[in-house]
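First the structure, in the form of structure tokens, and then the observations on it.
Values quoted throughout were computed directly from the atomic coordinates according to the rules given, and no laboratory measurement underlies them. Because the structure is predicted, anything quoted here is derived from the model rather than measured. Glycine gets a Cβ as well: all are built from the backbone with ideal geometry, and neighbour counts include every protein chain shown.
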């Protein structure tokens, strides 16, 4: 099982300010989250069925949901969450967490 944290950012009004902050501040903070297994970004999204695509998708993975929760309860997690509140001012975001399971 893998626990995943997904953040879907809408297109910011000022893309360069958002990108600069995300790259220079948010990524370094998030990379310090305890037991983080991977951190990937998706760009150039295309909506398959209507609606506007997201500007940026971030996916963070931990081995278990307990590790994910512990990471965000840590000092590093609180710092990352505080910065995420600032990012929310630059671009609306939807955040989800889930555990995956293999179906094949």
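Observations
- At an R0 of 35 angstrom, the distance between the Cβ atoms of residue 1 and residue 52 translates into a FRET efficiency of 0.60.
- Ordered by the count of other Cβ atoms within 10 Å of each Cβ, fewest first, 69, 43, 49, 4 give 49, 43, 69, 4.
- One chain, two ends: residue 38 and residue 85. Fully extended at 0.36 nm per residue, the span grows by 14.7 nm beyond their Cα-Cα distance.
- With a Förster radius of 22 Å applied to the C-beta separation of residue 98 and residue 66, the computed FRET efficiency comes to 0.95.
- Here the residues 56, 36, 104, ranked from fewest to most Cβ neighbours within 10 Å of their Cβ, fall in the order 104, 36, 56.
- Here, P(r) means the percent of Cα pairs in each 10 Å bin from 0 to the largest distance; for segment 2-100 it is 15, 49, 30, 6.
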